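Each value in this text was obtained by applying a stated rule to the coordinates, not by laboratory testing. Since the model is a prediction, treat every value here as computed from it, not as a measurement. Here Cβ is always computed from backbone atoms with ideal geometry, including for glycine, and neighbour counts include all displayed protein chains.
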Amino acid sequence: MASQLFSLVASTMICLVSAFAIALLVITLYILGVVLSFAVFCIREFANRAQDRPPLIGTVFRQLKNFDRIFDEHVNRPCRVIEHVLKTNFSNYSKGAFNTEIANNLFGNGIFATDGEKWRHQRKLASHEFSTKVLRDFSSTVFRMNAAKLSEKISSAAASRITINMQVLP
């Protein structure tokens, strides 16, 4: 009888300890969840406020906030900033010796690999080739030539009563 009572007390104690351990685990996980939720909330709030911070700190937190779509992010600046870099003060933003050397190996000494006066001279020469009239004349000539080829292929197929796949016509 005493051994049965002892085993009953032992099993009850094991159940109580197990219940206590489970309760402690649930409470710990709940507290951990609250702390993590608060940390995520703080990071997101800081990232929202970091929009006007310097690029290094601001973008790091913004990228952490948008980590699931990090490659969807685009940085947009006002038109006046873009105009300042690409037009008004273009000479202040040179490619540098390292990039110029790499570009020279790839493109030669052309418009894509030079800076300064040499670039300005090449751009002035090339701008005549990309005028609206030159591009319109060239594209209309190419269009007429390709339209004539297409018309010839379709006419010959129609004359010989052959079905053709329009999607694969060159």
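Observations
- Altogether, the Stokes-Einstein calculation at 10 °C and 1.306 mPa s, with the Kirkwood radius of the stretch 76-130 over Cα pairs as Rh, returns a diffusion coefficient of 129 µm²/s.
- Rounded to 0.05, the FRET efficiency of the K124 and A147 pair, given R0 = 25 Å and the Cβ-Cβ distance, is 0.15.
- Computed from backbone phi with θ = phi - 60° and the Karplus coefficients 6.51, -1.76 and 1.60, the 3J(HN,Hα) list for the stretch 36-45 is 5, 4, 5, 5, 5, 4, 5, 5, 5, 5 Hz; x is used for glycine and proline.
- Spatially, the stretch 109-128 and the stretch 74-107 are offset by 14 Å when compared through their Cα centroids.
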